Amino acid sequence: MEDSLHAPVLVLNANFEPLNVCNTRRAIGLMVSGKANMILNGRGVIKTVSRSYPRPSIIRLERMVKRPRPRVKLTKREILRRDHYTCQYCGSRAPYLTIDHVIPRRLGGTHEWENLVAACPSCNHRKGGRTAEQAQMALLNRPIEPPTSATYLFARHLHQNEEWEPFIEGW
Ligand SMILES: [Zn+2]
């Protein structure tokens with residue numbers, strides 16, 4: 001019961017644009033209060049003492065929500081994902097990767113997509129407090145902010161929620 005209430009639900013805007021992912025508890029709350037309707041079930045029902053609710057996989061808001069195009073959050077996990085879990089200096093897929101500031105913060109480097117890359121511990125150590133240029137270590141890819149397509153934003157959910165794919169593609 002607890003688990004099923006935490007299962008992820010895809011939330012679509014009134015125009016079917018994928019908005020975000022919420023848990024089942026919140027999705028049912030939105031449906032019960034008339035703010036959303038169910039687009040896709042396929043997960044059976046949740047029974048409470050007094051009644052049962054369909055377990056949604058995708059819901060759609062009744063009213064259009066205006067919001068700026070979402071951006072990928074700048075986190076270690078997202079930097080590793082952008083860099084395909086590969087050290088951007090030597091190309092190794094080390095089991096444990098660190099985040100390297102291409103230009104160290106001490107030298108005025110920023111904490112932004114363009115200055116952050118995945119690095120294996122040995123490359124990070126070799127580079128030390130120097131810039132990539134000073135250390136003569138070339139980057140495999142120029143670090144940039146990831147795309148804001150729905151497919152990129154929601155990719156991590158797609159393995160376990162394949163039924164979402166047609167609702168995410170193209171946005
Ligand atoms: Zn490396």
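Points worth noting:
- The combined condition, being open to solvent by 30 Å² or more (accessible area, probe 1.4 Å), away from the ligand (no atom under 16 Å from the Cβ), closer than 30 Å to residue 137 by Cα and in contact (Cβ under 8 Å) with a residue 40 or more places away in the chain, is not fulfilled by residue 69.
- Per-region count, the range 108-119, residues within 30 Å of residue 12 (Cβ to Cβ) and either within 16 Å of the ligand (Cβ to nearest atom) or outside any helix (DSSP H, G or I) (or both): 0
- Qualifying residue in the range 28-43 (condition: touching a strand residue (DSSP E or B) at 6+ places or on another chain (Cβ under 8 Å) and under 29 Å from residue 145 (Cα atoms)): no
- Inter-residue pairs, beta-carbon under 7 Å, first in contact (Cβ under 8 Å) with a residue 24 or more places away in the chain and β-branched (Val, Ile, Thr) and in the range 86-114, second open to solvent by 70 Å² or more (accessible area, probe 1.4 Å) and part of a loop (DSSP other than H, G, I, E, B), 6+ apart: 86/93
- Some residue of the range 125-140 being over 30 Å from residue 23 (Cα atoms), among the basic types (Lys, Arg) and more than 13 Å from the ligand (Cβ to nearest atom): yes
- Scanning the range 80-105 for residues that are among the acidic types (Asp, Glu) and part of a loop (DSSP other than H, G, I, E, B) turns up just one, 83.
- When restricted to residues that are modelled with pLDDT of 95 or more, open to solvent by less than 40 Å² (accessible area, probe 1.4 Å) and under 26 Å from the mean Cα position of the chain (by Cα), the range 125-163 contains 1.
- Screening residue 122 against (1) within 16 Å of the ligand (Cβ to nearest atom); (2) under 21 Å from the mean Cα position of the chain (by Cα); (3) part of a helix (DSSP H, G or I) leaves a single unmet condition, (2).
- Filtered residue count, the range 47-66, keeping only those that are part of a loop (DSSP other than H, G, I, E, B) and touching a residue at least 24 places away in the same chain (Cβ under 8 Å): 7
- Scanning the range 77-107 for residues that are open to solvent by 60 Å² or more (accessible area, probe 1.4 Å) and more than 16 Å from the ligand (Cβ to nearest atom) yields a total of 5.
Residue by residue, here is whether (1) over 23 Å from the mean Cα position of the chain (by Cα); (2) modelled with pLDDT under 95; (3) over 23 Å from residue 128 (Cβ atoms); (4) of a type in the set (A, V, I, L, M, F, W, C) holds:
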| residue | (1), (2), (3), (4) |
| --- | --- |
| 47 | yes, yes, yes, no |
| 62 | yes, no, yes, no |
| 65 | no, yes, yes, yes |
| 70 | no, yes, yes, no |
| 87 | no, no, no, yes |
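The values are calculated or read from the model by the stated rules, or taken from the named source; none is laboratory data. Small disclaimer: the values here were computed from a predicted structure and weren't measured. Glycine also receives a Cβ, built like all others from the backbone with ideal geometry; neighbour counts cover every protein chain displayed. Protein only, heavy atoms only, side chains kept; ligands, DNA and RNA dropped before computing areas. Shrake-Rupley method; radii C 1.70, N 1.55, O 1.52, S 1.80 Å.
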